[in-house]
Structure formats: structure tokens, C-alpha cells
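The structure appears below as C-alpha cells.
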């Protein structure tokens, strides 16, 4: 329980001296506002449309004499095809894909690889640095890893060690978008903890 004690004395003020008396009441005259007539709205004009399909009338002249020298123009049928452009975004790096990349052998095998190859840096061990290093990399179409860098590090040599281990990692299964292998950016945490 919280109590607030105060040693200040409370003084009383007599407010009855300041009372003013008003003898006159002022009547406020009532005012009326003039109402404006509402604006006239024009009804939309309805146009009747003939729903019959109009077919072009083509005049065909059948009174043509054909000889061996008569040339007939070749009729070319053009199908409405969308122009297929070369894949401009072949080098686009995706972050979200339909099928995410995965290490060959699964994540368990990848974590075993990291555990077997990761060496705690002496400087980090001596100072007592612990934490997670977030390594960012691109899984290429062939499953190799490229553009390996630290997204968030903890220092003490841990960042460089995480990059070294990821750089030597075995190939991954490539990520896929619409059934085709694509480049995918990944971020992987590597945990450094002193035992």
C-alpha cells in the first residue's frame, strides 16, 4: 500500500465574497435560417443498344474467268500469339519461391556438417563472445552457394568463421519457381555458444 503524507496545512478560502448577482436576464431573439431549395438532379438518359451482332458483308464476285496465267493471292492466317520475349529476369534472385532450396541430405546433414567443421575463434573464446551470426547467401540454379556475406554479426572472429564454414558447404538442391530452378537468397543463423 502506498501512502502520501503531507505536512502542508490546508487553508480555506471564503468564496461567498466574490459572488455577483445578475438581476437582468437578456432575451436572445430566435432566428430562422432560410432553407435553400434542393438542387435538381437530372435523370440519366437511357440509350437502347441493339444486341444483334453485326456481320461484315463481304461481296464475292463469282464471275471470274480462270486461265493458267491467273494468279491467286495466298491467304495467310495470323494467329493471335503473345510475343515470347527472352527471359530478361534470368539472373533475378528470389527470396520467396514455390519450392525452397534445401541441402543435399536434408537440414540434419547440413547441421552435422556445420557442427563438425565450425571452430570457435580463440579471440571470441577468450573474450567470452556468444551469439548468432546471420549468414546471407545465394543458392544458384546448379545448387552451389555464392555471394556469401554476414547479414548480422557478433565480431571476435565469429563472422569470418561462419563465412568459412558456409563457403565450404556441399551443394544444395536448387529452389524452383514454376518448376524451373532459380536463384534464391537465403539467410542462415550460425550459433556460437561457449560450453
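The values are calculated or read from the model by the stated rules, or taken from the named source; none is laboratory data. Since this is a predicted model, take the numbers as computed values, not measurements. When we count neighbours, we look across all protein chains shown, and the Cβ atoms used for this are built from the backbone with ideal geometry, even at glycine.
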- Could you figure out which of (1) within 21 Å of residue 181 (Cβ to Cβ); (2) at pLDDT 90 or above isn't true of residue 84? (2)
- Item | Filter result for residue 89 (over 18 Å from residue 145 (Cα atoms), outside any helix (DSSP H, G or I) and modelled with pLDDT of 60 or more) | yes
- Look at the range 145-195 and say how many of its residues are exposed (fewer than 15 other Cβ atoms within 10 Å of the Cβ), in contact with a strand residue (DSSP E or B) (Cβ under 8 Å, 6 or more places away or on another chain) and without any contact (Cβ under 8 Å) to a residue 40 or more places away in the chain. 6
- Do you know which residues across the range 101-116 are in a loop (DSSP other than H, G, I, E, B) and exposed (fewer than 15 other Cβ atoms within 10 Å of the Cβ)? 104, 105
- Kindly indicate whether any position in the range 131-138 is within 21 Å of residue 93 (Cβ to Cβ), surrounded by fewer than 18 Cβ atoms within 10 Å (Cβ to Cβ), touching a helix residue (DSSP H, G or I) at 6+ places or on another chain (Cβ under 9 Å) and touching a residue at least 12 places away in the same chain (Cβ under 8 Å). yes
